[in-house]
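Engineer: Pasting in a structure now, in structure tokens, and then I'll have a few things to ask.
The values are calculated or read from the model by the stated rules, or taken from the named source; none is laboratory data. None of the values given here were measured: they were computed from a predicted structure. Here the Cβ is made from the backbone with ideal geometry for all residues, glycine too, and neighbour counts use every protein chain on show.
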Amino acid sequence: MKNNEHILSELQAQQLKRSLKAIDSRKSSQLELANGQTLHNFASNDYLGLSQHPLLLESFKRAIDTYGAGSGSSRLLAGSFSPQHDLEDKLAELKHQQACLSFSSGYATAVGIIPALCDKDDMIIFDKLCHASLIDGIKLSGAKFKSYKHQNLDQLASYLKQASQDRKPNSRLLIITESVFSMDGDLSDLATIAQLKEEYQAELMLDEAHSIGLFGTTGMGLAHELNLCSAIDYHVGTLSKSIGLSGGYLTCSQVTKELLINKARSFIYSTAPPPAIAQAAQTSLNIITGTLGKQLREDLWSNINYLNEKLNSLNSESNSVSKSAIIPFFTKNGSAKQALAWQQQLEQQGFWVPAIRYPTVAKNQSRLRISLTSQHKKQTLDALIDVLSSLETANLN
């Protein structure tokens, strides 16, 4: 019989045991802990700070007064509230797609749509560093699958060539990747992937979770910035990062939406997200695509460029310039023990920068994950750099 205490002890011995941190409140880019300590927060994916913006908060409060705090049941049982339909229409329009279907979370989106689209006759080829939710969805589908080495598009092409030769009639060949990878912060070469998709008559699913709010003239993501929206068959997204709320969505064709309503188990068998969230999300999208969103993006990219420049001055061989709001800071030899020690040292100095370890990343790739927002101040970044510099010096010795 398995012993849970023994399993936890093994995780502890490997420096892989996790625990929850009690937070009392959050203001701007700072956390108030239950023990009274204040930390500068470098772990949030609320890239534009909208989760605390007065316009979004007021919209959310009004929507709760109108629609209540919850939805009561699944949309197929109790019906769909108008804000849910309005949000889906808005997202479909912004992503240049026919339709959209919303889910309770980004995870629920991935594990719902992939098994609904793919089965044992299909082949899925995906980047090895795709998010766990996508990989879980792939495994649940029962489809054949292969992962190509991260960003290795020659290997992707090779897999596509073989899959197209082995392909059964009416089977699906699906490529899955992300626009911004959540732990490394690097960007997909979407232009080349789109070309391969066309060459091998495949379909393309793109997760834009960490891209919305940052890229494109209206903040609608990397595919929008590169004018590649029409090349993406399935746009996966979330309301929980730059949009500042919670939930997930897929924009797609109208036929695909109808199929998912009938086959996506995480949609069918889950209570619908509160309609107040859907109403508030529309306000958030209006902010992101408007003048205020443009200013918040400029503030965010100013912080990204500033921190990149400062980190580059540390002359670290293990850290490179980031092209997104996610900046990894690697330990020597990818040590999980060192990453935890760094996290603790930073916390003692007033910074919350989480250590990322296996299985979130490979066993020899532990690192700190710095996540920037538009709300961070330059003096805070300078103070962070001072601490990171001392860690880097110790790392090289």
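Engineer: Mind listing whichever residues of segment 168-182 are farther than 30 Å from residue 368 by Cβ and either in contact with an Asp or Glu (Cβ under 9 Å, 6 or more places away or on another chain) or at pLDDT 95 or above (or both)?
Structural biologist: Going residue by residue through segment 168-182, those that are farther than 30 Å from residue 368 by Cβ are 168-175.
168, 170, 171, 172, 173, 174, 175 - these are the residues of segment 168-182 that are farther than 30 Å from residue 368 by Cβ and either in contact with an Asp or Glu (Cβ under 9 Å, 6 or more places away or on another chain) or at pLDDT 95 or above (or both).
Engineer: Which residue pairs have Cβ atoms closer than 8 Å, lie 6 or more positions apart in sequence or on different chains, and pair a first residue in segment 150-166 that is within 16 Å of residue 195 (Cβ to Cβ) and in the same structural domain as residue 194 (by TED's automatic domain parsing) with a second residue that is in a helix (DSSP H, G or I) and β-branched (Val, Ile, Thr)?
Structural biologist: 153/192; 153/193; 156/193
Engineer: Sticking with this structure for a sec: Among (1) of a type in the set (A, V, I, L, M, F, W, C); (2) modelled with pLDDT of 95 or more; (3) touching a Leu at 6+ places or on another chain (Cβ under 9 Å), where does residue 311 come up short?
Structural biologist: Among (1) of a type in the set (A, V, I, L, M, F, W, C); (2) modelled with pLDDT of 95 or more; (3) touching a Leu at 6+ places or on another chain (Cβ under 9 Å), residue 311 violates only (2).
Engineer: Is at least one residue of segment 333-342 modelled with pLDDT of 90 or more, under 17 Å from residue 31 (Cα atoms) and assigned to a helix (DSSP H, G or I)?
Structural biologist: No, every residue in segment 333-342 fails to be modelled with pLDDT of 90 or more, under 17 Å from residue 31 (Cα atoms) and assigned to a helix (DSSP H, G or I).
Engineer: Restricting attention to strands (runs of 3 or more DSSP E) lying wholly within segment 3-47, give those where 2 or more residues are modelled with pLDDT of 90 or more and closer than 22 Å to residue 338 by Cα.
Structural biologist: Correct list: 38-41.
Engineer: Look at residue 87 and say whether it is under 30 Å from residue 376 (Cβ atoms), assigned by TED's automatic domain parsing to the domain that holds residue 260 and in contact with a helix residue (DSSP H, G or I) (Cβ under 6 Å, 6 or more places away or on another chain).
Structural biologist: yes
Engineer: Continuing with the same structure: Among the listed residues 63, 43, which satisfies the condition of being in contact (Cβ under 8 Å) with a residue 24 or more places away in the chain and more than 22 Å from residue 357 (Cβ to Cβ)? Outline the logic, then answer.
Structural biologist: Working: 43 fails: more than 22 Å from residue 357 (Cβ to Cβ).
Selected residue: 63, the only one of 63, 43 that is in contact (Cβ under 8 Å) with a residue 24 or more places away in the chain and more than 22 Å from residue 357 (Cβ to Cβ).
Engineer: List every residue pair whose Cβ atoms lie under 7 Å apart, where the two residues are 6 or more positions apart in sequence or sit on different chains, the first residue falls within segment 22-36 and is in the same structural domain as residue 375 (by TED's automatic domain parsing), and the second residue, located anywhere, is surrounded by 14 or more Cβ atoms within 10 Å (Cβ to Cβ) and among the hydrophobic types (A, V, I, L, M, F, W, C).
Structural biologist: 22/33; 23/31; 23/33; 24/33; 30/39; 31/39; 31/352; 33/39
Engineer: Now, a different point. For segment 182-219, which positions are surrounded by 21 or more Cβ atoms within 10 Å (Cβ to Cβ) and on the phi > 0 side of the Ramachandran plot?
Structural biologist: 185, 213, 216, 219
Engineer: Still on this structure: When you scan segment 245-254, do you find a residue that is assigned by TED's automatic domain parsing to the domain that holds residue 110 and either free of Cβ contacts under 8 Å to residues at least 40 places away in the same chain or within 27 Å of residue 321 (Cβ to Cβ) (or both), even just one?
Structural biologist: Scanning segment 245-254, I find no residue that is assigned by TED's automatic domain parsing to the domain that holds residue 110 and either free of Cβ contacts under 8 Å to residues at least 40 places away in the same chain or within 27 Å of residue 321 (Cβ to Cβ) (or both), so the answer is no.
Engineer: Here are 348, 343: which of them is surrounded by fewer than 16 Cβ atoms within 10 Å (Cβ to Cβ) and among the polar types (S, T, N, Q)? Break it down into steps so the answer makes sense when it comes.
Structural biologist: Values: 343 fails: surrounded by fewer than 16 Cβ atoms within 10 Å (Cβ to Cβ).
Sole residue among the options that is surrounded by fewer than 16 Cβ atoms within 10 Å (Cβ to Cβ) and among the polar types (S, T, N, Q): 348.
Engineer: Follow-up. Name the helices (runs of 4 or more DSSP H) wholly within segment 211-296 that hold at least 2 residues that are of a type in the set (Gly, Ala, Ser) and closer than 24 Å to residue 27 by Cα?
Structural biologist: 275-289
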